[in-house]
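Asks: Sharing a structure, written as structure tokens. Questions coming.
Quick note: the coordinates plus some simple rules give every number you see, no bench work behind them. These numbers come from a predicted model, not from an experiment. Virtual Cβ from ideal backbone geometry, glycine too; neighbours counted across all protein chains shown.
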Amino acid sequence: MAESGSAAELSGSLTSSALPPPRTRIFKIIVIGDSGVGKTCLTFRFCAGRFPEKTEATIGVDFRERLVEIDGEKIKIQLWDTAGQERFRKSMVQHYYRNVHAVVFVYDVTNAASFRSLPAWIEECKQHALGTEVPRILVGNKCDLQDSVQVGTDVAQQFADAHSMPLFETSAKSPNSLGDGSYRDSDHVEAIFMTVAHKLKSQKPLVLSQPAEGSGSTVTLSGGRNDDGGGGRGWSCSSC
Amino acid sequence: MRKHKRKKQIGAVGGNENGFVTRESDGGRKHKLTVIHQALIRDPVDIEALRRAAAGNGGLLTDELRRKVWPKLLNINVYKLPPKPGREVRENHKDYNQVVLDVRRSMKRFPKGMPASERAVLQEQLIDIILEVLKRNPQLHYYQGYHDVAVTLLLVVGERMSIAMLDTLSNFHLRDFMDPTMDSTKHILNYLMPILEQVDAELHDFMIRAEVGTIFALSWLITWYGHVLSEFRHTLRLYDFFLASHPLMPIYLAATIVLHREKEVKQTECDMAMVHHLLSHIPQDLPYELLICQAQDLFEQFPPSLLAKRAALQSRKSLSISSFQAFHLSTLHQRPDSVLQRLTRAQGYTTSRHGLEASPPAARGQLWREGNRMMKMAVWGLSATLGAAVFAVAQTAMDWGPDLILQLF
Ligand SMILES: Nc1nc2c(ncn2[C@@H]2O[C@H](COP(=O)(O)OP(=O)(O)OP(=O)(O)O)[C@@H](O)[C@H]2O)c(=O)[nH]1
Ligand SMILES: [Mg+2]
């Protein structure tokens, strides 16, 4: 769906004011990475605004959503929190790669193995036709555990560059108390997901419309706006 | 037409049973206790009566009874339990990290009032149990959710009996989930939609249109609902049922849950995310007794063999299903505990009955007095939260007779 250029062109001739009020657009974002890196915590933090006291192993797929407003438009951000254990990847999570608008890869900065798994996750996405044309970001989680960092920012940045993804380092637990610099302060979980949302909004809008029972190309035309309103932090460079 | 009729049938059966629930009296309970007691002392054990009791209204009623009946349902000799795992069980196992990660995060599965120190002891036991069974069965692969099954067993029957039960379950009922991949599990999940189609074609079509898939039921299936229910007594009730049933029964129950929520589902937006979200969150006030009856009813009307004729289900072979007959037969010739105890003694086994300790009787008292504080804490933790009956677990030499009889009066 997401790469359907012809559908996007259709939208150029229409404007939102000419149509009945559009349905709320939905941005579907899949969150993947090894077991234990904190996918559930990150998605919970974004959708519920706090660190969950207890998480449990995610079996299959969990789903969380939050309504946000971007440039005056209400948008539903739908996060698909997937199981990290390898055996769930292939046969189970598959189904949920479809119709996804963006991918968030997560590793744990205190766990080098979770970083080494990233190429396999990227490959997994490619197999489901989620290549570079779909917005993808890399998130290094658990930055609050500064004493046990195993994956340095420089290494991660190199990797992110090589795969043309922006890198964010953060902590689902205490996103605001990341030690020293104030630039790190901007990397809280909220901002990360909002950046993705802005990026999606700045794309050709039609492809993100919620399809009405399968015939998605005719509804929710919000016009060909491409003002990149909120994506101010830039896409191509990491803010870390 | 057909659909309507079937629905009614199911409703009627469930209704009756539900009536029994509300009418259930002390008399009914006592009667059930007597039935179970008699089934247990029959030689061979009356396994069919135990199955009926476990699946039937109210299940096995108490944890004390579960400790007696569960092993019978799995053909386990409680006088020949595996020893407590030693330190080496944790050494270089490929799944060690994953197991630890999952067990450490499983706080919710333990009774709310349990002190953290006691829970920690049980969590360590849980890790050992899981790794022990995996070590004994190199062909089996750990999956996230396996720990939810293990913890349910541990909280009721203690460490050593849990190992025996988990070992058997893993080789039979849970076998398909423990392949190197989840393909067999997916195959089992594929039974769900055909059941729904038989009962409520409209609901079935709605779900097909939403492309919701069946992953919403994945954790139900592979944890026997232990992962999704917040009330432990509900989990126990379902474990009674599943231990006494065909390995596909959790799928039939999943079907009844979806059917039970038919209106809600149809009122939801016909969208994968919405329907998945709705279904994957189980309401905590489900009428379990009713649903259990309906699941049994569906199982009889649409047995797996009938569903398997359908295209999507033809290709694959399920080990759980194909081995069930043999498993079932193996449970038919069990001796009652009193006989087993005599026989085991005669054979020179010195193992304790309920398996919280592995030491021979002479050393046992001593160990209990001076040593292993951790172990004591674990037992006390259980006693405090699950009721005094659990104390019997600690009395390793105690026969099963007296405490059961106490309950009859
Ligand atoms: N210190 C710290 N711990 C975290 C952070 N995020 C998550 N954790 C902890 O890491 C563990 C795993 O977190 P989850 O969110 O459950 O991991 P997951 O990626 O969803 O794991 P699976 O569901 O198994 O795939 C939990 O014990 C969390 O409390 C963080 O930012 N800082
Ligand atoms: Mg998770």
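Asks: Mind listing the long-range amide H neighbours of A:Arg136? Cut-off is under 5 Å, sequence gap 5 or more, other chains count too, H placed in the peptide plane at 1.01 Å from N.
Replies: Distant-sequence amide H within range of A:Arg136: A:Val103.
Asks: Moving on to the next point. Local charge sum around B:Glu231 (other residues, Cβ-Cβ under 10 Å, Lys/Arg +1, Asp/Glu -1)?
Replies: Taking every Cβ under 10 Å from that of B:Glu231, the sum is +1.
Asks: Right, next: Under a Cβ-only charge scheme (Lys and Arg +1, Asp and Glu -1), can you give me the dipole magnitude of the stretch B:82-149 about the Cα centre, in debye to the nearest 20?
Replies: Dipole size: approximately 160 debye.
Asks: Near the amide H of A:Ile75, under 5 Å away, which other amide H atoms are found, from residues 5 or more places off or on another chain, if H is placed in the peptide plane?
Replies: A:Val68, A:Glu69, A:Ile70
Asks: Can you tally the net charge around B:Leu218? Count Lys and Arg as +1, Asp and Glu as -1, for every other residue whose Cβ sits under 15 Å from the Cβ of B:Leu218.
Replies: That works out to -3.
Asks: While we're here: Ranked by Cβ crowding within 10 angstrom, fewest neighbours first, how are A:Lys74, B:Lys32 ordered?
Replies: Lowest count first: A:Lys74, B:Lys32.
Asks: Separate question: With label points built 7 Å along Cα→Cβ from the Cα atoms of B:Lys108 and B:Glu88, find their separation and express it in nm.
Replies: Taking the two extended label points, one gets 3.8 nm.
Asks: OK, next. Let me know the shape class of the stretch B:255-307, please: from the alpha-carbon gyration tensor, a ≥ b ≥ c as square roots of the eigenvalues, rounded when a/c is under 1.5, otherwise prolate if a/b is greater than b/c, or oblate.
Replies: It comes out oblate by the Cα gyration axes.
Asks: How big is D for the stretch B:182-316, in µm² s⁻¹ as a whole number, if Stokes-Einstein is applied with the Kirkwood radius of its Cα pairs at 20 °C and 1.002 mPa s?
Replies: It comes out at roughly 143 µm²/s.
Asks: Just want the ordering: A:Met194, B:Met165, from fewest to most Cβ atoms lying within 10 Å of their own Cβ.
Replies: Lowest to highest Cβ neighbour count: A:Met194, B:Met165.
Asks: Between B:Lys317 and A:Glu69, what is the FRET efficiency for a Förster distance of 60 Å, r being their Cβ-Cβ separation, to the nearest 0.05?
Replies: That pair, B:Lys317 with A:Glu69, gives E of 0.70.
Asks: Which three extents, in whole angstrom, do the alpha-carbon atoms of the stretch B:87-171 cover along their principal axes, largest first?
Replies: Answer, in whole Å and largest first: 38, 23, 23 Å.
Asks: So what are the ³J(HN,Hα) numbers for the stretch A:135-145, from phi and the Karplus equation (6.51, -1.76, 1.60; θ = phi - 60°), rounded to whole Hz, Gly and Pro as x?
Replies: For the stretch A:135-145, the Karplus curve yields x, 9, 10, 10, 10, x, 9, 6, 5, 5, 8 Hz.
Asks: Okay, next question. Can you list residues from other chains, or at least 5 along the same chain, whose modelled amide H is less than 5 Å from the amide H of A:Val106?
Replies: A:Ile32, A:Gly33, A:Val139
Asks: From the phi angles alone, apply the Karplus equation (6.51, -1.76, 1.60; θ = phi - 60°) to the stretch B:284-293 and give each ³J(HN,Hα) in whole Hz, x where the residue is Gly or Pro.
Replies: Each residue of the stretch B:284-293 in turn: 7, 9, 5, x, 4, 4, 4, 5, 4, 4 Hz.
Asks: Using all C-alpha to C-alpha distances in the stretch B:60-219, build P(r) with 5 Å bins and read off the rounded percent in each one.
Replies: 1, 8, 16, 17, 17, 14, 11, 7, 5, 2, 1, 0
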